[in-house]
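Asks: One structure, pasted below without further comment.
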Amino acid sequence: MKSLPYFCRGEVVRGFGRGSKELGIPTANFPDSVVEHLPADIGTGIYCGWACVGSGDVYKMVMSIGWNPYYKNTKKSMETHVIHTFKEDFYGEVLSVVMVGYIRPECSFDSLEALISAINGDIEEAKVKLDTPEHLKLKTDNFFNSSSSSSSSSSSSSTPHSPSVATTAENGFINGH
Ligand code: ADP
Ligand code: MG
């Protein structure tokens, strides 16, 4: 997938109330403005990468890109599960992510148990994948030090980044919010 790694950030908004949190796997939703900037070659499915809330620490994450029921499944949605236990919810905070790897396509499951065990499998796969040197280096990318600049929607794409991010920014892949 040529668009990976893909950097983006945006405000965490309310999701679809599917009760992900009750399953033990809360997913922070990005607003439409972020989803609309996804390059065409990033299709639906499960991805892994790095995430940080506000100016906090950078953690491993798994992201599901799926179809948004609010738009009759004509638009995508991006839901990030950060592999960390937070003390509180972080609606309204800026979530910064870099998607680095593709794990599997979206699929439907026969039972809730099957779904939960698939997601837990994705989390385990993400943990191992992200420890490879190629992916580990993105954890410390300058992108994660510039999250405060995202409060201004126009400045995020012109913020100085490391060379890899600058290339991405030139392609317009960094989303304001
Ligand atoms: P919603 O339908 O509003 O997205 P969820 O049940 O999916 O509700 O819960 C998502 C919310 O849980 C996030 O927006 C965030 O504020 C909070 N949250 C707490 N811990 C995490 C985590 N580890 N990863 C993602 N979101 C988390
Ligand atoms: Mg959610």
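Asks: Please determine whether any residue of the range 120-140 is assigned to a helix (DSSP H, G or I), surrounded by 12 or more Cβ atoms within 10 Å (Cβ to Cβ) and among the hydroxyl-bearing types (Ser, Thr, Tyr).
Replies: yes
Asks: Sticking with this one: Kindly indicate which of Ser77, Ser3, Ser33 is under 15 Å from the mean Cα position of the chain (by Cα) and within 15 Å of ligand 2 (Cβ to nearest atom).
Replies: On the way: Ser3 fails: within 15 Å of ligand 2 (Cβ to nearest atom); Ser33 fails: within 15 Å of ligand 2 (Cβ to nearest atom).
None of the other options fit; the residue is Ser77.
Asks: Next question, about the same structure. Mind checking which residues of the range 101-111 are surrounded by fewer than 10 Cβ atoms within 10 Å (Cβ to Cβ) and either of a type in the set (S, T, N, Q) or within 16 Å of ligand 2 (Cβ to nearest atom) (or both)? Even if it seems obvious, please write down each step before you answer.
Replies: First pass over the range 101-111, keeping only residues surrounded by fewer than 10 Cβ atoms within 10 Å (Cβ to Cβ): 105, 108, 110-111.
Hits for the range 101-111 are Ser108, Ser111.
Asks: Which residue out of Val94, Val58, Val98, Val53 is open to solvent by less than 20 Å² (accessible area, probe 1.4 Å) and under 21 Å from Phe144 (Cβ atoms)? Before the answer, list the steps.
Replies: On the way: Val94 fails: open to solvent by less than 20 Å² (accessible area, probe 1.4 Å); Val58 fails: open to solvent by less than 20 Å² (accessible area, probe 1.4 Å); Val53 fails: open to solvent by less than 20 Å² (accessible area, probe 1.4 Å).
Criteria check complete, one pass: Val98.
Asks: Also, quick follow-up: Scan the range 46-54 and tell me whether some residue there is in contact (Cβ under 8 Å) with a residue 24 or more places away in the chain, more than 14 Å from ligand 1 (Cβ to nearest atom) and under 15 Å from the mean Cα position of the chain (by Cα). Break it down into steps so the answer makes sense when it comes.
Replies: Here is the first cut: in the range 46-54, the residues in contact (Cβ under 8 Å) with a residue 24 or more places away in the chain are 46-54.
Adding the requirement that they be more than 14 Å from ligand 1 (Cβ to nearest atom) leaves 46-47.
Subset that is under 15 Å from the mean Cα position of the chain (by Cα): 46-47.
The answer is yes; a qualifying residue exists.
Asks: Next question. Take the range 1-32 and flag every residue that is more than 16 Å from ligand 1 (Cβ to nearest atom) and open to solvent by 20 Å² or more (accessible area, probe 1.4 Å).
Replies: Let us first name the residues in the range 1-32 that are more than 16 Å from ligand 1 (Cβ to nearest atom), namely 1-7.
Met1, Lys2, Leu4, Pro5 - these are the residues of the range 1-32 that are more than 16 Å from ligand 1 (Cβ to nearest atom) and open to solvent by 20 Å² or more (accessible area, probe 1.4 Å).
Asks: Here is a list: Gly56, Gly43. Which entry is in contact with a helix residue (DSSP H, G or I) (Cβ under 9 Å, 6 or more places away or on another chain) and in a loop (DSSP other than H, G, I, E, B)? Before the answer, list the steps.
Replies: Numbers: Gly43 fails: in contact with a helix residue (DSSP H, G or I) (Cβ under 9 Å, 6 or more places away or on another chain).
Only one candidate qualifies: Gly56.
Asks: Would you pick out the residues in the range 73-91 that are under 19 Å from His37 (Cα atoms) and surrounded by fewer than 17 Cβ atoms within 10 Å (Cβ to Cβ)? Don't jump to the end; show me each part of the working.
Replies: Residues of the range 73-91 under 19 Å from His37 (Cα atoms): 73-80.
Those that are under 19 Å from His37 (Cα atoms) and surrounded by fewer than 17 Cβ atoms within 10 Å (Cβ to Cβ): Asn73, Thr74, Lys75.
The values are calculated or read from the model by the stated rules, or taken from the named source; none is laboratory data. Since this is a predicted model, take the numbers as computed values, not measurements. Here Cβ is always computed from backbone atoms with ideal geometry, including for glycine, and neighbour counts include all displayed protein chains. SASA here: full protein model, heavy atoms, side chains in, ligands and nucleic acids out. Shrake-Rupley method; radii C 1.70, N 1.55, O 1.52, S 1.80 Å.
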